[in-house]
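The next block holds one structure in the form of structure tokens; read it before the comments.
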Amino acid sequence: MTLPEVPLFIDGQFGPGATGKRISVVNPATEEAVAMLAHAAPDDLDRALHSAARAFDQWRSTTAAHRHEILIRAAALIRDRQEEIATILTAENGKSLNEARGEVGFCADATDWYAEEAKRAYGRVIPARSTDVRQITLREPVGVALGFAAWNFPAGNVTLKIAAALAAGCTIIVKPSDETPGTAIAIARCFADAGVPAGALNVVHGVPSDVSEHLISSSIPKKVSLTGSTPVGKLLQRLASETMKRCTMELGGHAPVLVFEDADIPNAVERLVNAKFRNAGQVCTSPTRFYVARGIYEEFLAAFVDRTSRISVGNGAEPGIQMGPMITERRREAIAALVEDAVAKGAELRLGGRPVPGKGYFYTPTVLSDVPDSARLMTEEPFGPIAAFQPFDSFDEVIAKANALPYGLAAYVFSQSPGTIARAGAGLDAGVVGVNHTSVHEAETPFGGVNESGYGAESGIEGLDAYLRTKMLTEKFL
Ligand code: NAD
């Protein structure tokens, strides 16, 4: 059987790389190759850089209304092709088709949002010190942008970068993960078919460190946006500093969950189980450290374990499946090692804790209680289907525990007391806080972390701002 080709997209053309090098893309649920991926050679990367620079000269001077029109068309195409894109996404990433459909729907919404925001890149008039001077600020696109994206939201992570950059008047080169490149190409086709000019959007694949080093060391791009791990964020930021590129860093997390004594337990359990095991826990905002008030600890745990035990695990392409596999065997081994370490250090295994035999990188939904702080799981981002529980006794103690890690992406609070909610909301060191629910990212809300979870935001008005710079113009009337 001939496998489908996943091409590069450079200067408006979908095609192979200069050397013809290809690698296979593997379905993590079946371990079978599903496509052949073209790798970019340095010459291809240079073509992408130059075409993005040429396109920028033209795209930057289009009107916001024109960019709006094209992006609205792209959003409509993403919606029209939802099923086709979701099918590729599930085959590459393993998440359930339902989750994949939802993700593609989010991409269409986000593209619509940025299309609208393109029209609102307002400058301002600043009152001058003299009546014959006018001072204004102009909001201009920063230039060619580079986007590097993780595999966990293969459509969402690339779309947020593409739509924001194009809305602002920037051009962009995107490097999706080699694990999920077909989804990125399917999204790129929507933008191309909507009328994005040649070179304004390029998609390249290849060895991550080679591609990022080559692209970032060029003086052509003026911006780097990464959705990825904290170690890679630090590396790319160092590379970007050589040419003083601005960065948006959407990095790893280790989300704490604070369940207070007065929480609505059925609501908290339902929402947290769904959030925890969504995409098999491979989500940067995935709830991970569950701190539960001692008085309701056992009751909450029992309800959580019961609800979790009913999650159906399997190939996301099959009907009724709720949780798919880990993205690679290496990630599954890492998860198993974290569980083993926690149990060896005294944690109690309440559910799961084992790989699923047979094909596919499946690992059972896992619940551990009384996990000591010394367990690696309590400090290292697991990025898998593991919930770690600890009881707490006081508000100050639980806030201190929640804030104890270098990460600061998402945090969750479950309580019915306005005072507790307000104090926890203010006290948590996190970029996004969900109170009594877990939906912390919409097209219209700013999303981003603090501390070693990165900086800058995507979505919301902040998402467009990240691709704009400010020029001050002061004018003397003659
Ligand atoms: P990763 O850091 O390994 O890779 C992210 C991207 O960077 C990929 O496209 C990769 O190809 C590219 N890359 C560029 N240079 C690289 C280099 N020198 N070495 C390795 N990769 C390089 O992350 P991942 O494993 O794809 O994704 C998981 C991580 O992403 C988790 O830490 C997760 O929390 C994080 N994440 C963050 C957010 C957020 O919005 N904060 C969202 C999703 C995922």
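For the peptides 45-54, 105-114, what is the packing order when you average, over each peptide's residues, the other Cβ atoms within 10 Å and list the highest mean first? The partial results should precede the final answer.
Values: 45-54: 21.6, 105-114: 23.5.
Result, highest mean Cβ count within 10 Å first: 105-114, 45-54.
Assuming a viscosity of 0.692 mPa s and a temperature of 37 °C, what translational diffusion coefficient in µm² per second does Stokes-Einstein assign to the stretch 276-336, Rh being the Kirkwood radius over Cα pairs?
Result for D is 245 µm²/s.
What is the log10 of I(q)/I(0) for the stretch 64-218, computed with the Debye formula using one identical point scatterer on each Cα and no solvent, at q = 0.09, 0.11, 0.20 Å⁻¹?
-0.33, -0.46, -1.19
Positive end of the dipole of the chain, charges at C-beta (+1 Lys, Arg; -1 Asp, Glu), about the Cα centre: which of 257, 267, 297 has its Cα farthest in that direction?
257
At 222 nm, what helix-only mean residue ellipticity would the chain give, in deg cm²/dmol to the nearest 500, using -39500 (n - 2.57) for each DSSP H run of four or more? Can you show the working numbers first?
Working: 14 runs with 182 residues, N = 478.
Helices in the chain give a 222 nm mean residue ellipticity of -12000 deg cm²/dmol.
log10 I(q)/I(0), Debye, Cα-only the chain, no solvent, q = 0.07, 0.09, 0.11, 0.12 Å⁻¹?
Log10 of I(q)/I(0), two decimals: -0.38, -0.61, -0.89, -1.04.
Quick one: dipole size for the chain, taken about the Cα centre, charges +1 on Lys/Arg Cβ and -1 on Asp/Glu Cβ, in debye to the nearest 20.
On the way: 46 positive and 56 negative charges, 260 e Å.
The calculated dipole for the chain is roughly 1240 debye.
With +1 on the Cβ of every Lys and Arg and -1 on the Cβ of every Asp and Glu, and nothing else charged, how large is the dipole of the stretch 333-388 about its Cα centre, in debye rounded to the nearest 20?
Working: 5 positive and 8 negative charges, 55 e Å.
That gives a dipole near 260 debye.
Kindly work out what percent of the DSSP beta bridges joining two residues of the chain are antiparallel, to the nearest 5. Could you put the intermediate results ahead of the total?
On the way: 28 of 70 bridges.
The antiparallel fraction comes to roughly 40 percent.
I'd like the Karplus ³J(HN,Hα) series for the stretch 430-442: coefficients 6.51, -1.76, 1.60, θ = phi - 60°, whole numbers in Hz, and an x wherever there's a Gly or Pro.
Per-residue couplings from phi come out as 8, x, 9, 10, x, 10, 6, 7, 10, 7, 9, 9, 10 Hz.
Using the alpha carbons of the stretch 162-256, what is the convex hull volume per residue in cubic angstrom, as a whole number?
About 124 Å³ per residue, rounded to a whole number.
Report the relative contact order of the chain, percent, no decimals, based on alpha-carbon pairs under 8 angstrom and at least 6 residues apart.
Numbers: 1134 pairs, mean separation 86.1, N = 478.
The value is 18 percent.
Specify the inter-centroid distance of the stretch 330-371 and the stretch 414-447, based on alpha-carbon positions, in whole Å.
A separation of 29 Å, based on Cα centres.
Given H placed on each backbone N at 1.01 Å, which residues far from residue 434 in sequence or on other chains put an amide H within less than 5 Å of it?
Sorted by chain and number, the residues that satisfy this are 411, 412, 413.
Considering only the other residues whose Cβ falls under 9 Å of the Cβ of residue 338, what net charge follows from Lys and Arg at +1 and Asp and Glu at -1? Kindly include the intermediate steps, with their values, before the conclusion.
Details: positive: 376; negative: 340, 341, 380.
With Lys, Arg at +1 and Asp, Glu at -1, the net is -2.
Where nothing but the Cβ of Lys and Arg (+1) and of Asp and Glu (-1) is charged, how large is the charge dipole of the stretch 402-478 around its Cα centre, in debye to the nearest 20? List each step's numbers first, then the result.
Numbers: 4 positive and 8 negative charges, 46 e Å.
In total the dipole reaches around 220 debye.
Using 18 Å as the Cα-Cα cut-off, could you pick out the over-long pairs in 234/276; 119/476; 21/175; 175/359; 95/276?
Values: 234/276 27 Å; 119/476 28 Å; 21/175 16 Å; 175/359 29 Å; 95/276 13 Å.
Beyond 18 Å between Cα atoms: 234/276; 119/476; 175/359.
What's the Kirkwood radius of the stretch 376-478 in Å, using all Cα pairs?
Details: mean 1/r = 0.0615 Å⁻¹.
Hydrodynamic radius (Kirkwood, Cα only) of the stretch 376-478 equals 16.2 Å.
Per residue, how much accessible area does the stretch 180-224 have with a 1.4 Å probe, in Å²?
Details: 1180 Å² over 45 residues.
Accessible area per residue: 26 Å².
Which one, 165, 226, 288, projects farthest toward the positive side of the charge dipole computed for the chain from Cβ point charges (K/R +1, D/E -1)?
Sorting the options by dipole projection puts first 165.
How far, in degrees from 0 to 90, does helix 329-344 lean away from the longest principal axis of the Cα atoms of the chain, to the nearest 10?
40
Bin all alpha-carbon pair distances of the stretch 206-337 at 10 Å intervals from 0 and give each bin's fraction as a whole percent.
11, 29, 25, 21, 12, 3
Helix 156-168: angle to the longest alpha-carbon principal axis of the chain, degrees 0 to 90, nearest 10?
The helix 156-168 is inclined about 30 degrees to the chain.
Applying the Karplus parametrisation 6.51 cos²θ - 1.76 cosθ + 1.60 with θ = phi - 60° to the phi angles of the stretch 363-376, what ³J(HN,Hα) value in whole Hz is obtained for each residue in order, glycine and proline being reported as x?
Residue by residue, the stretch 363-376 yields 9, 5, x, 10, 10, 10, 10, 6, 6, x, 4, 6, 5, 4 Hz.
Once you have the Kirkwood Rh of the stretch 1-70 from its Cα pairs, apply Stokes-Einstein at 4 °C and 1.567 mPa s and quote D in µm²/s. Numbers along the way, then the final one.
Details: Rh = 14.4 Å.
The Stokes-Einstein estimate is 90 µm²/s.
Counting pairs of alpha carbon atoms under 8 Å apart in space and at least six apart in sequence, what relative contact order in percent does the stretch 241-390 give? Could the numbers behind the result be given before it?
On the way: 263 pairs, mean separation 37.9, N = 150.
Normalised by residue count, the contact order of the stretch 241-390 is 25 percent.
Note down the relative contact order for the stretch 96-246 as a percent, whole number, built from C-alpha pairs under 8 angstrom at least six residues apart.
Here the relative contact order equals 23 percent.
Tabulate in residue order the Karplus-calculated ³J(HN,Hα) for the stretch 51-60, using 6.51 cos²θ - 1.76 cosθ + 1.60 with θ = phi - 60°, rounded to whole Hz; enter x for Gly and Pro.
5, 5, 5, 4, 5, 4, 4, 8, 5, 4
Compute the long axis of helix 97-117 from its Cα atoms, compare it with the longest principal axis of the Cα atoms of the chain, and write down the angle in degrees, 0 to 90, nearest 10.
On a 0 to 90 degree scale, this one is about 40.
To the nearest whole percent, what portion of all C-alpha pairs in the stretch 311-379 is separated by more than 15 angstrom?
Working: 1270 of 2346 pairs.
Pairs farther apart than 15 Å: 54 percent.
What is the local net charge at residue 118, summed over the other residues whose Cβ is closer than 14 Å to its Cβ (Lys, Arg +1; Asp, Glu -1)?
Values: positive: 60, 67, 73, 119, 120, 139; negative: 69, 112, 116, 117, 140, 465.
Neighbourhood net charge equals 0.
Taking the alpha-carbon centroid of each part, what is the distance from the stretch 35-56 to the stretch 166-191 in angstrom?
Here the answer is 12 Å between Cα centres.
Give me the net charge for the shell around residue 137: Cβ to Cβ below 9 angstrom, other residues only, Lys and Arg +1, Asp and Glu -1. Please report the intermediate quantities before stating the final value.
Values: positive: 124, 139, 471; negative: none.
It works out to a net charge of +3.
The values are calculated or read from the model by the stated rules, or taken from the named source; none is laboratory data. Bear in mind that the values here come from a model prediction, so they are computed numbers and not experimental data. With ideal geometry, Cβ positions are generated from the backbone for all residues, glycine too; neighbour counts draw on all protein chains shown. Accessible surface is based on the protein model in full, side chains and every heavy atom, while ligands, DNA and RNA are left aside. Shrake-Rupley method; radii C 1.70, N 1.55, O 1.52, S 1.80 Å.
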